[in-house]
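Where a number appears in this text, it was derived from the coordinates with a stated rule and is not lab data. Since this is a predicted model, take the numbers as computed values, not measurements. Note that each Cβ is placed from the backbone with ideal geometry, even for glycine, and that neighbours are counted across all protein chains shown.
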Amino acid sequence: MALLNQSVLVLNRHWLAIHFCTVRRAIGLLYTGLARVVDDSFQTHSFDEWRELSAARTDPEMIRAANFSLLVPHVIVLHSYARRPPQEVKFSRRNIFLRDHHRCQYCGRTPPREELTIDHVVPLSRGGRTTWDNVVLACVRCNSKKGNRLPEESGMQPRQAPQRPRWPVMLQRSSGQRPRSLWQRFVDDAYWNTLLREE
Ligand SMILES: [Zn+2]
């Protein structure tokens, strides 16, 4: 059955794309409770929930077995422990951009994305750390003007003291994005969602 050999994107429990598997394998993982289906609105479903949901649908792409029909899953998330997207905002490039609204935290401008850098308020060379409360977006100009100086030395303070944001990031999707397939959304997001190491 061709449907069973189609590809399904597999996310790890941190919602990062890790590989593809066949629909057949995905159903095995769902059935044994090792994974959940991710739908277009990032809701997750257990095998039983997905089966119930499928029963109400008449899509042409349906996997039919003796005692149930299933919608073809496109994305699954492995969930040894996490049932929902992590509630704590991940320390990632994307989230720093979201938190700071693509705005240089020194001059307040919103230049093109490639002109924004991630600035250490207390420079690494002066003992600063790469943590939510020590990084802000800075335009190239402000970043080079500030150089390796401490805020008190340069007189350049971020407009807002940086801190870990509290919003649930998985739900924070900017509107006006070109619609993409559910797959593509995860694959494109890989760069922006890569966890930065807090150190
Ligand atoms: Zn600036």
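Below, the figures for the structure above:
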item	result
17 Å tail of the calculated P(r), segment 62-151, as % of Cα pairs	62
Distant-in-sequence amide H partners of residue 107 (H built 1.01 Å from N, under 5 Å)	139
J(HN,Hα) series, segment 153-160, from Karplus relation 6.51 cos²θ - 1.76 cosθ + 1.60, nearest Hz, glycine and proline x	6, 8, x, 10, 10, x, 4, 10
Sparse-neighbour loop sites [trypsin sites (Lys or Arg not before Pro); segment 25-118; at most 15 other C-beta within 10 Å; DSSP]	57, 83, 109
Inter-site label distance for residue 109 and residue 163 at 7 Å from Cα along Cβ, in nm	3.0
Inter-label distance for residue 39 and residue 69, nm, one decimal - labels placed 7 Å from Cα along Cα-to-Cβ	1.6
Cut-off under 5 Å, modelled amide H: who pairs with residue 18 long-range	10, 11, 12
Rg/Rg_globular for segment 2-78, with Rg_globular taken as 2.2 N^0.38 Å and Rg from C-alpha atoms	1.00
Nonlocal amide H pairs with residue 92, under 5 Å, H built at 1.01 Å	196
Distance in nm between pseudo-label sites at residue 150 and residue 19 (7 Å out along the Cβ direction from Cα)	5.0
Modelled label reach - residue 31, point 7 Å along Cα→Cβ, segment 58-80 residues with backbone N closer than 13 Å	64-70
